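Notes follow the structure.
Quick note: the coordinates plus some simple rules give every number you see, no bench work behind them. Keep in mind that this is a model prediction, so the values were computed, not measured. So basically every Cβ, Gly included, is an ideal-geometry build from the backbone, and we count neighbours across all protein chains shown.
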2 protein chains.
Amino acid sequence: MQPFFAQRFEKVEPSFIREILKVAANPEIISFAGGLPNPHLFPVKAIDQACQDVLREQGAAALQYAATEGFAPLRQYIADRYLARHGMSVNPDNILITSGSQQALDLLGKVLIDEGQDLIIEEPGYLGAIQAFSVYQPAFQPITLGEEGLDLVALDALLASGSNAKLLYGVPNFQNPSGVSYSRANREALAERLVSHELLMVEDDPYGELRFEGEHLPPIAKLAPNNTVLLGSFSKTVVPAFRLGWMLVPDWLRQKVTIAKQATDLHSNAFSQQVLHRFLIDNSLDAHLEKIKEVYGRQRAAMEAALARHCPPGVSYTRPEGGMFLWLTLPASVSAMTLFDEAIKEKVAFVPGAPFYVRPEIKNTLRLSFSCVDEATIEEGVKRLTRALARML
Amino acid sequence: MQPFFAQRFEKVEPSFIREILKVAANPEIISFAGGLPNPHLFPVKAIDQACQDVLREQGAAALQYAATEGFAPLRQYIADRYLARHGMSVNPDNILITSGSQQALDLLGKVLIDEGQDLIIEEPGYLGAIQAFSVYQPAFQPITLGEEGLDLVALDALLASGSNAKLLYGVPNFQNPSGVSYSRANREALAERLVSHELLMVEDDPYGELRFEGEHLPPIAKLAPNNTVLLGSFSKTVVPAFRLGWMLVPDWLRQKVTIAKQATDLHSNAFSQQVLHRFLIDNSLDAHLEKIKEVYGRQRAAMEAALARHCPPGVSYTRPEGGMFLWLTLPASVSAMTLFDEAIKEKVAFVPGAPFYVRPEIKNTLRLSFSCVDEATIEEGVKRLTRALARML
């Protein structure tokens, strides 16, 4: 038959990142391209034990259909942790377990985005959010993300210009792709804008627990709880394969996102929710995180040192205090896509910055991931990368 | 802040089935309301073993991010089973693992449904499909589902009337809610309409493996492969908690639904996919299904016998050859909602038919589930139900 697609999907094409990751999977290539957590740090034995404990104690009940909102003790654990870490008093009823925080983005798009409506997003912005929201066809309004956070002058100008935006999306801690975090002052000023302009922020926080230096900063959800949906994920802190994340929603949004969740997949994998909860109560998440932060912190330092040693003048890069990514800005004349082809010849890979922009004009940026590469390999990979770059300058 | 919702979600309200299931959860009540598979039949020990085997053999690799399309050996297993059961030659590349078949409905809605476009659906129809598709705001066009399958005269009339429908949704085996199946002749005639009218059928088949009498009939996807998306699920055959289902899509649809899946949850729980596959290759699914069919078949027979003994004249019911549900039609004057309130006084519960209709006019039908209730309890429950009914007549 003749293919047909809904209007919203007619122009959708596959992300070229998939192609890049295929190239980067060649074992001869040093890859700074992936966005994967380091599997050497996965708590395999403890997960094995948790699976056995859940099945032996709960039996068939662990394998039945379950509540759309998620496993109640897991929601309580998350609420307790917000209290312990940030002094945030959270009602576990307002926590909805999702199939990764990616699903939270989709559900929020379903419930909140009308076609053509302005949606404010960081520039550069998280590709997964751009993809999830694009399905609902908002008019993206990019606001520059700088070393201190969102450019509030640009935000104020947009809001003063009569924008009909009701939603703002951002990743305040160790952003993907840039690695930068919003300062405390930036958070406070932004929270004020949310309230005064009746904006809802989708505060995506998959990396907040992975701070290896500096002080933890309050979630914007703590500063403006009625104007924020706070997303969290166990993919970077425990394991990604379970696809478990959550959203903390204000009261007014709870029922509609629950209905959207029910229509989308009934509920998230209930066995994995119970296993994850068992892992969390029988082990110290903090002790586990210390191990991750020690490794990622060392690797980030190695990458910064290698860049400092080998980068030609005119290249700048961010200095993340946590997370998995670092962001390079090349001289304006250099295309990161062209550099990618040259770098592959040198057997090193990265992700060019283009897909992180909703405006395609900026060509000279790229993302480097340090989570899965040891220090010696980082040194060698950065050498290769700068060799490719030197040829282009 | 002032609540706001996308236009598509403004009018969405929670399903009253949730309220019904809460009432039915009272342990004093005999419940024919739920749609749950019988947990006594879950292969708990074999799943436990499969978890251990996967983690010990694959280690951290079993817990990493994975391909959007799903675990390749699981997709191959599904393809092999279509060949063995139905002589269907299926390319595993065309099988996409989903987070339950509920997610397949959402993804198809995303990729295929434009607002206001006709969507043909059985009457009564599966509530989960109505919910999933409603998000994308089609104009539902109900076609009566009778003992032999879809009413083709009504379908032809709709197609001749200038409907712009491109999609048709149905559950040809032991439908939820009615328990009826499409006959062979109905399938063949429907497949012809799909091809001649360039219609795409979403053929939802969660119960096809649960036939306890009669002969297996070919999927419509075998008769019109380019015009059918065939959905399957492991929720009724293995366990629901894993939320694993699949869709078999024609070539022309594969790339777009994969992109939609990636934007929605990146991929389905990869650990559970590997555990499920391990269970399937280390155990006989057929032997496991025999046990389920033996129990459900006995319980369906007990329910039919009890209805025959106790029902007053003017009540008719379907005689499913498989699945989990049976459908009652009351005298036209009796509202199933009112009967529900009376039945609760007698401590028996069911699901009134109303939410299974996209037109709300029909009030005198209801669904009974026989999957989770033993034969003696079925006899007692039907007695209570007919006692409540007798009071209303």
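Observations on the model:
- Dipole of segment A:45-282, positive direction: furthest Cα of A:Leu155, A:Ser181, A:Ala72, with charges on the beta-carbon: A:Ala72
- When each of A:Lys22/B:Lys166; A:Lys45/A:Lys291; A:Lys261/B:Lys345; B:Lys45/B:Lys222 is checked by Cα-Cα distance, pairs over 25 Å: A:Lys22/B:Lys166; A:Lys261/B:Lys345; B:Lys45/B:Lys222
- Judged by the ratio a/c of the largest to the smallest principal axis of the C-alpha gyration tensor, segment A:253-362 counts as oblate, that ratio being 1.5 or greater while a/b is no larger than b/c.
- Copies compared at B:Glu198 - label distances in nm, ascending, label defined 7 Å from Cα in the Cβ direction: 4.5
- Each residue of segment B:384-393 is assigned a 3J(HN,Hα), and the resulting list reads 4, 4, 6, 5, 4, 5, 4, 4, 8, 8 Hz, derived from the Karplus form 6.51 cos²θ - 1.76 cosθ + 1.60 (θ = phi - 60°), x at Gly and Pro.
- Taking 7 Å steps out from each Cα toward its Cβ at A:Arg85 and A:Glu380 produces label points 3.5 nm apart.
- Of interest is the spacing of the C-alpha centroids, which for segment B:241-315 and segment B:336-382 amounts to 23 Å.
- Between A:Ser316 and A:Ala67, the simple label model (points 7 Å from Cα in the Cβ direction) yields a spacing of 4.9 nm.
- Phi angles of segment A:48-62 translate, via the Karplus equation with coefficients 6.51, -1.76, 1.60 and θ = phi - 60°, into HN-Hα couplings of 4, 4, 5, 4, 4, 4, 4, 5, 6, 8, 9, x, 4, 4, 6 Hz per residue; Gly and Pro are given as x.
- Model label zone, A:Arg18; criterion: amide N under 13 Å from point 7 Å along Cα-to-beta-carbon; scope segment B:97-140: B:97
- Inter-copy separations for A:Gln2, label at 7 Å along Cα-Cβ, nm, ascending: 4.4
- Basic side chains Lys and Arg get +1 at the Cβ, acidic Asp and Glu get -1 at the Cβ, and with that the dipole of segment A:40-123 about its Cα centre reaches some 540 debye.
- Shape call, segment B:45-282: gyration tensor on alpha carbons, a/c limit 1.5: prolate
- DSSP bridge pairs, the protein assembly as shown: antiparallel proportion in percent, nearest 5: 50
- Copies compared at B:Glu380 - label distances in nm, ascending, label defined 7 Å from Cα in the Cβ direction: 7.2
- Isolated Cys in chain B, by beta carbon distance under 4.7 Å: B:Cys311, B:Cys372
- Amide hydrogen neighbours beyond the local backbone of B:Val202, cut-off 5 Å, H modeled: B:Leu168, B:Tyr169, B:Gly170, B:Val229
- Most simply put, chain A has about 50% antiparallel DSSP beta bridges, counting only bridges with both residues inside it.
- Cβ-based exposure ranking for B:Lys256, B:Lys291, B:Lys261, B:Lys383, in which fewest neighbours within 10 Å come first: B:Lys291, B:Lys383, B:Lys256, B:Lys261
- When you count the other C-beta atoms within 10 angstrom of each residue and take the mean per peptide, A:271-278, A:186-193 line up highest first as A:271-278, A:186-193.
- For chain A: relative contact order, % (alpha-carbon pairs under 8 angstrom, 6 or more apart): 23
- For A:Ile30, residues with placed amide H under 5 Å, excluding near neighbours: A:Val348, A:Ala349
- Mean residue ellipticity, 222 nm, helices only, chain A: the sum of -39500 (n - 2.57) across DSSP H runs of n ≥ 4, divided by residue count and rounded to 500, is -13500 deg cm²/dmol.
- Annotation: amide H of A:Ala139 within the under-5 Å range of A:Gly116, A:Gln117, A:Asp118, A:Leu119, sequence separation 5 or more or interchain, hydrogens built in the peptide plane.
- If you take the Cα centroid of segment B:75-142 and the Cα centroid of segment A:42-85, the two points sit 30 Å apart.
- FRET E, pair A:Glu57, A:Ser284, Förster distance 22 Å, beta-carbon r, rounded to 0.05: 0.55
- The shape of the protein assembly as shown comes out prolate: with a ≥ b ≥ c from the C-alpha gyration tensor, a/c is at least 1.5 and a/b beats b/c.
- Per-residue HN-Hα couplings for segment A:357-365 [Karplus 6.51, -1.76, 1.60; θ = phi - 60°; Hz; x = Gly/Pro]: 10, 7, 10, x, 6, 8, 10, 9, 10
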